[in-house]
1. Report the charge-dipole magnitude of the protein assembly as shown in Debye, nearest 20, computed about the Cα centre from +1 at each Lys and Arg Cβ and -1 at each Asp and Glu Cβ.
2. Please tell me the relative contact order of chain A in percent, rounded to the nearest whole number, where contacts are Cα pairs under 8 Å and at least six residues apart.
3. Is there a quick way to get the dipole size of chain B? I mean about its Cα centre, with the Cβ of Lys and Arg at +1 and of Asp and Glu at -1; what is the value in debye to the nearest 20?
4. Report, in debye and to the nearest 20, how large the dipole of chain A comes out about its Cα centre when Lys and Arg carry +1 and Asp and Glu carry -1 on their Cβ.
5. Summarise the partner chain shielding of A:95-104 as one whole number: the mean count of Cβ atoms from other chains within 10 Å of each residue's Cβ.
6. Considering every residue in B:40-46, what mean count of other chain Cβ atoms within 10 Å of its Cβ is obtained?
7. Calculate the all-directions average of the projected area of chain B's alpha-carbon convex hull, and give it in nm².
8. B:Arg22 label point, 7 Å along Cα→Cβ, cut-off 20 Å on backbone N: hits in region B:91-112?
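Values in this text are rule-based calculations from the coordinates and carry no lab data. Quick caveat: nothing in here was measured; it's all calculated off a predicted structure. All Cβ positions, even for glycine, are placed from backbone atoms using ideal geometry, and neighbour counts span all protein chains on display.
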Amino acid sequence: QQPVQSPQAVILREGEDAVINCSSSKALYSVHWYRQKHGEAPVFLMILLKGGEQKGHDKISASFNEKKQQSSLYLTASQLSYSGTYFCGTAAGNNRKLIWGLGTSLAVNP
Amino acid sequence: DAGVIQSPRHEVTEMGQEVTLRCKPISGHDYLFWYRQTMMRGLELLIYFNNNVPIDDSGMPEDRFSAKMPNASFSTLKIQPSEPRDSAVYFCASSFLDNEQFFGPGTRLTVL
């Protein structure tokens, strides 16, 4: 079952914050976040494992609530370079098979 | 390291023709993944290998698709015969253990 991402698209001004959500109908073992710029390959952001941990990477952080089967990606003080499509990939077990959401398109304007 | 290498970058072919996509993973990585990306269906895992052995091919659409990994540094995805609905961007990715996946630049396939 494909995870559901929301919102589908968001437009920000530089410096604004955004939250992208990823929800699954299945119990999750891990959630992976990637960003893809137009015409390029997806690039890894972070992995969250079962345990409700929160991770951070510069001004991008994420949380994983295994009970709610959802993860959220937080982008603070957005920069122009944050523009792209964000994908969550979910794994139901300790395996390498990821099921991907359809993505959230993020545009950061000056 | 050069990263994951895919060839060709673009392929235009006619319906019914055989298509072979190639991938060279990052040296030392033990997992290799083949993905297909379309606007309608997003990113779909087709098959993945661990130490050259296919582990899960449940995402392979049908018998027209086949994948091989004869050694740790090379994999192919073959479509025979190709159909217009196979048009998509095909990505190869590799990883070490359960770490991040490194994606190649992709092959944009157009089947006329």
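1. On the way: 21 positive and 21 negative charges, 40 e Å.
The calculated dipole for the protein assembly as shown is roughly 200 debye.
2. Working: 288 pairs, mean separation 40.9, N = 110.
For chain A, the relative contact order is 37 percent.
3. On the way: 10 positive and 14 negative charges, 58 e Å.
In total the dipole reaches around 280 debye.
4. On the way: 11 positive and 7 negative charges, 84 e Å.
Value, rounded to 20: 400 debye.
5. On the way: counts 5, 13, 8, 7, 5, 7, 2, 5, 4, 0.
Across the residues of A:95-104, the mean count of other-chain Cβ atoms within 10 Å is 6.
6. Details: counts 1, 3, 9, 12, 3, 6, 0.
For peptide B:40-46, the averaged partner shielding equals 5.
7. Details: hull surface 25.8 nm².
Over all viewing directions, chain B projects a mean Cα-hull area of 6.4 nm².
8. So the set is B:91-94, B:103-110.
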